[in-house]
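Below is one structure, written out as structure tokens; the observations come after it.
The values are calculated or read from the model by the stated rules, or taken from the named source; none is laboratory data. Model, not experiment: these values are computed from the prediction. Cβ atoms come from the backbone with ideal geometry, glycine included; neighbour counts cover every protein chain shown. The area values use the complete protein model at the heavy-atom level, side chains included, leaving out ligands, DNA and RNA. Shrake-Rupley method; radii C 1.70, N 1.55, O 1.52, S 1.80 Å.
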Amino acid sequence: MAKVSIDLNMKRVTNDNFVEKAKKLEPKLLEKQVKPIKIVSIGNDGKVEPRADIGELDRISLKKGDSLVLDFGDHQVGYVSLKLKSVGSPQDAPAYLRLKFGEVPKEIKENSEEYNGWISRGWIQEEYIHVDVLPAWLHLPRRYAFRFLEIYAVDTSVKFQVVVEEVVCRAVSAVDMENIEPFSASDPVLRQMDKVSLRTLQNCMQSVFEDGPKRDRRLWLGDLRLQALANYATFQENELVKRCMYLFAGLTREDGAIGACLFTEPEYLVDDTFMFDYSLLFLSALKEYYEATNDKETVEELWPSAYRQIELSRMCFDERNVVSEEAGDSCFVDWKEGLNKQASAQAIYIYVLKDAIAMANAFGQEKLAEKLEEERKRCVSAALDYFWDEKQGVFVSGEKRQISYASQVWMILAGVKAGEEARMLLDRIVELKPEMSMVTPYMNHHFVEALLLCGEKEKAIDYMKYYWGGMLLQGADTFWELYNPDNPQESPYGSSAVNSHCHAWSCTPSYLLRTLTNEE
């Protein structure tokens, strides 16, 4: 788990003007009625087999211990209703049912009683329900993210059975897939990758850009930035990006620090989690919003909030212009256990300085741009002096001089190494295969961006087919929060039962593929 800064005693400050603007930008969600397409069985290995045609649903009766699994054909986010009746003798006891929702087949087979992860088992999508009188429509109040639904009869009585006559999901999203031109490619893997990326983004676009519709259902800044990039290239629902930016700038810590994530229910509230990299990347997200929309009024209004993150982060540097290890500890960067993030923190600061210089120049603040350029050069020089290992030909991080993919990728994105030197550095780290590999689509996205920055388009496509294509081979309908090709069931939470299998930061192939096409 990332060691982030958690301030339990923080004083929150609200910019009412910003929050009010965000409220007015809340989208009216589109709704679509979706029904299951088949009845299936799922083995203990997660393999899905057809069991019956969906037209036979109302002819299957469930007594105590019986179950059926419905397949909706694709990942859904929405509200579920079931039409139930009883058969046999008159109903002489409540029908006691367990409903279990799964984004992937394996979730249906998980035993929640055995869950021992460190985050709440409340995220496991499982309901135990008594139905006193049948027939009835059962309208579930919670919103679920799922493809599979298991209906299990915990108990009926010996006199009657339960029949599921109909199941309907009222799927919700801020956008419609039908409005998007699919990515045109001769390679079917790339077409499927784009389709699954779009579905991932669509299902995360709710009243805000959620990080995951199953878990955590919050607005995280790192996710938002990547979602926004994918959105600009596809749905172009830019008002939703604007809404989220106003929320982050409107709900801050007393010193102006922008939080890593926000709650939207029961009220708008900044969490007590702060990350060095996420706070800084608000500025990069603002620059990218400006490039996509040319919305000068919004950007000028939010610029002071963005620049404040540089001012706060500057305090984490010593007289050598080297960022502290503590700042690195408060970065996300990746879920990789044991990853030292000091070098990445230095690089991300330089990366954001580059974006700040571009913004200052765009808005006629030449003196500020010059000042920031001088600071950037000092930080680049410090990065080369302190983190570059000439003998090994790689960047190292922390007192133990750890070698990782993350350090090389972010130093390249920041421009500390460029051109042929950067290309050779990527080749070297791939050849070294350090223990500190990459495990999240978030970090893998930045690796692909580094390849593209070095002009390695073919390698970028090959890697996308290896990484996101690996999830496709695992049967992904939407892309996941975490995927380690060497251990597909890996979880940062102690159990894959609570992993999110539709996650915002994994949606970027749609953006990357279109970027590649536009540059050709």
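In the context of the full set of protein chains, residues of the chain present 42 Å² of accessible surface per residue (probe radius 1.4 Å, heavy atoms only). Pairs of Cα atoms nearer than 8 Å and 6+ residues apart set the relative contact order; for segment 164-255 it is 23 percent. A Förster radius of 22 Å combined with the Cβ-Cβ distance from Arg191 to Val430 puts the calculated FRET efficiency at roughly 0.25. Under a model in which nothing but the beta-carbon of Lys, Arg (+1) and Asp, Glu (-1) is charged, the chain shows a dipole of about 780 debye around its Cα centre. Neighbours of Glu49 by Cβ distance under 12 Å: Lys/Arg scored +1, Asp/Glu scored -1, total +1.
Ordered by 1.4 Å accessible area with all protein chains kept, Met10, Met193 run largest first as Met10, Met193.
Among residues other than Glu300 whose Cβ falls under 15 Å from its Cβ, what is the net charge (Lys/Arg +1, Asp/Glu -1)? Neighbourhood net charge equals +1.
Note on exposure: Phe209, Phe363 ranked by accessible area (1.4 Å probe, complete protein assembly) read Phe363, Phe209, with the most exposed listed first.
Computed from the Kirkwood radius of its Cα pairs, the Stokes-Einstein diffusion coefficient for segment 338-491 at 20 °C and 1.002 mPa s stands at 129 µm²/s.
Dipole orientation for the chain: of the candidates Ala285, Ala362, Val175, Val175 has the Cα lying most toward the positive pole (charges on Cβ; Lys, Arg +1; Asp, Glu -1). Taking packing as the residue-averaged number of other Cβ atoms within 10 angstrom, the listed peptides 117-127, 462-472, 218-228 run from highest to lowest as 218-228, 462-472, 117-127. Compute the long axis of helix 188-204 from its Cα atoms, compare it with the longest principal axis of the Cα atoms of the chain, and write down the angle in degrees, 0 to 90, nearest 10. The angle comes out at about 80 degrees. Modelled this way, with points 7 Å down the Cα-to-C-beta line, the labels at Lys296 and Asp486 are 5.2 nm from one another.
If the cut-off is 30 Å between C-alpha atoms, which lysines fall inside it for Lys465, apart from same-chain ones fewer than 8 positions away? Cα-Cα hits under 30 Å: Lys38, Lys47, Lys106, Lys109, Lys195, Lys214, Lys287, Lys336, Lys341, Lys417, Lys433, Lys457. Loop-resident trypsin sites (Lys or Arg not before Pro) (DSSP state other than H, G, I, E or B) in segment 337-409 with no more than 10 further Cβ atoms inside 10 Å of their Cβ: Lys391, Lys400. Between 0 and 90 degrees, the angle of helix 457-473 with respect to the longest Cα principal axis of the chain falls at about 20 degrees. This model, with +1 at the C-beta of Lys and Arg and -1 at the C-beta of Asp and Glu, gives segment 206-339 a dipole about its Cα centre of some 300 debye. Peptide packing: for 420-426, 12-18, the average count of neighbouring Cβ atoms within 10 Å per residue gives the ranking 420-426, 12-18, highest mean first. Charge tally for Gln408 (other residues, Cβ to Cβ under 10 Å; Lys, Arg +1; Asp, Glu -1): +2.
Taking all Cα pairs closer than 8 Å and separated by 6 or more residues, the relative contact order of the chain comes to 18 percent. The helix-only estimate of mean residue ellipticity at 222 nm for the chain, built from DSSP H runs of length n ≥ 4 each weighted as -39500 (n - 2.57), is -12500 deg cm²/dmol after division by the residue total. Surface calculation, 1.4 Å probe, protein heavy atoms: Glu254 sits at approximately 120 Å² accessible. Protection proxy ranking, highest mean first, for peptides 276-284, 85-93: 276-284, 85-93, where packing is the per-residue count of other beta-carbon atoms within 10 Å, averaged. Positive end of the dipole of the chain (Cβ unit charges, origin at the Cα centre): among Gly328, Pro441, Leu97, the Cα lying farthest that way belongs to Leu97.
Mind pulling the angle between the C-alpha long axis of helix 296-314 and the longest principal axis of the chain? Nearest 10 degrees, somewhere in 0 to 90. Helix 296-314 sits roughly 70 degrees off the main axis of the chain. Distance from the Cα centre of segment 13-80 to that of segment 340-399, in angstrom? Measuring centre to centre over Cα atoms gives 46 Å.
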